Amino acid sequence: MLSLMRLKRWIGRAYLGLPGWRGALRRRGFVLVLHRVMENDAEAAWPHCSPLCMSKQAFEHLLRWLRQHFDCVPLESLLESPIGGERPRMALTFDDGWRDNAELAFPLLQHHEFPASIFLSTDFVHDDRHPPRCFWWEAIGKVFWQTPQSPVARRVCDALRSCDAPVPPLLLSSEASERRSLAIARYLRGLATLSPEKLESIAALTPAPLQPITLDWTQVRALEDSGLVRFGPHGARHAILTRLDADLLPRELARSHAALRARCRHPLPVYCYPNGDHDDKVRAAVAALGYRYALTARRGLIGVDSDPMALPRINVSYASTGLLAQIAWYLLRSAWT
Ligand SMILES: [Zn+2]
């Protein structure tokens, strides 16, 4: 039997094929969010990677599909005017500031002359004077996936147990199975409730990456100089902003704000909340720094009536197979809402 999701995708796909479909749309645009672009599907496909990764082949397919159906515009242009002309408007964003954004995604953006925005967690921007840094979920996930029976994995396990986050035995077996990868993904999601200090101290138990995995400021400047890419802040240390106290929140925001202003020629007036989490206190603190817009992780379309400090996006990754037709379904539905 056809599932509801498959039916929506089928309708969405059929809808994009209809002549005159654009005329039926209400006035909505959308923002896509990606994280990492990998060399191939094999790297992007494991469940503990797939929600944040996409192969460069899939990325190029996405760019072509978007060009075919939408007006692909810079983010600030879409936010200022989400109403399209004949075709709906869309903008592309990347979160965190991964090095593959410059090495694998950017050549394709250049080839297709496709604008994009990258939101940096500024403490993680690589600096040659220090060892490469790694986000906690990447560091912990890598240890469990690649060296589950090593002394490092045991130390990480002990530290997690002391934080009331005992590691399920499956994570420490050596099988390279989908089941274990899925269990790692689930476990990492649960860890997001721990404090940033705890997560950072546990990630610090793992070896630094041999090569930088995040952008450096020279790359940031080169991408900005291309005229295709602009940058905005995504926290300083990628802390969940709603969990920071009255002392830490302004410091986290101010540090990310200052880094972008010091290093970029034209930083975006757009803040991107890590994990999408925000509340009234966070919104007020972000607005007080002069940001006119803020992006969340909630899925949805953007219209002239959208809340500028809580704008939705649509996540795209290896895990969202079939999502392209699903986007068409959302657009179609927006014609009646
Ligand atoms: Zn992020």
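The values are calculated or read from the model by the stated rules, or taken from the named source; none is laboratory data. Predicted, not measured: the structure shown is a model, and the values here were computed from it. No Cβ is skipped: glycine too gets one built from the backbone with ideal geometry, and neighbour counts run over all protein chains shown.
Just checking, how many residues over the stretch 27-60 are farther than 24 Å from LEU120 by Cβ, hydrophobic (A, V, I, L, M, F, W, C) and either in contact (Cβ under 8 Å) with a residue 24 or more places away in the chain or in a loop (DSSP other than H, G, I, E, B) (or both)? Going through the stretch 27-60 one residue at a time, the tally reaches 2.
In this structure, does LEU63 turn out to be among the hydrophobic types (A, V, I, L, M, F, W, C), in contact (Cβ under 8 Å) with a residue 24 or more places away in the chain and either farther than 16 Å from HIS234 by Cβ or more than 16 Å from the ligand (Cβ to nearest atom) (or both)? Show your work before the answer.
On the way: among the hydrophobic types (A, V, I, L, M, F, W, C): yes; in contact (Cβ under 8 Å) with a residue 24 or more places away in the chain: yes; either farther than 16 Å from HIS234 by Cβ or more than 16 Å from the ligand (Cβ to nearest atom) (or both): yes.
Spelling it out, LEU63 is indeed among the hydrophobic types (A, V, I, L, M, F, W, C), in contact (Cβ under 8 Å) with a residue 24 or more places away in the chain and either farther than 16 Å from HIS234 by Cβ or more than 16 Å from the ligand (Cβ to nearest atom) (or both).
Residues that are in contact with a helix residue (DSSP H, G or I) (Cβ under 7 Å, 6 or more places away or on another chain) and at pLDDT below 95 within the stretch 278-301 comprise ALA297, ARG298, LEU301, listed in sequence order. When the stretch 67-109 is limited to residues that are without any contact (Cβ under 8 Å) to a residue 24 or more places away in the chain and of a type in the set (Asp, Glu), the one that is nearest to LEU34 (Cα to Cα) turns out to be GLU103. Take the stretch 252-277 and flag every residue that is buried (at least 22 other Cβ atoms within 10 Å of the Cβ), in a loop (DSSP other than H, G, I, E, B) and within 15 Å of the ligand (Cβ to nearest atom). If the condition is that a residue be buried (at least 22 other Cβ atoms within 10 Å of the Cβ), in a loop (DSSP other than H, G, I, E, B) and within 15 Å of the ligand (Cβ to nearest atom), then TYR273 is the only one that fits. Hey, does the stretch 141-150 have a residue that's in contact (Cβ under 8 Å) with a residue 60 or more places away in the chain, within 16 Å of the ligand (Cβ to nearest atom), outside any loop (DSSP other than H, G, I, E, B) and not assigned by TED's automatic domain parsing to the domain that holds ARG251? So far as the stretch 141-150 goes, yes, one or more of its residues are in contact (Cβ under 8 Å) with a residue 60 or more places away in the chain, within 16 Å of the ligand (Cβ to nearest atom), outside any loop (DSSP other than H, G, I, E, B) and not assigned by TED's automatic domain parsing to the domain that holds ARG251. All told, ARG99 falls short of being at pLDDT 95 or above and loosely packed, with under 15 Cβ neighbours inside 10 Å. Considering the conditions (1) among the basic types (Lys, Arg); (2) buried (at least 18 other Cβ atoms within 10 Å of the Cβ); (3) in the same structural domain as LEU331 (by TED's automatic domain parsing), ARG87 is excluded by exactly one of them, (2).
Flag: PRO82 does not match the condition of being buried (at least 18 other Cβ atoms within 10 Å of the Cβ), in contact with a helix residue (DSSP H, G or I) (Cβ under 7 Å, 6 or more places away or on another chain) and assigned by TED's automatic domain parsing to the domain that holds ASN315. Looking only at residues in the stretch 287-314 that are touching a residue at least 40 places away in the same chain (Cβ under 8 Å) and of a type in the set (Val, Ile, Thr), the one that is surrounded by the fewest Cβ atoms within 10 Å (Cβ to Cβ) is VAL304.
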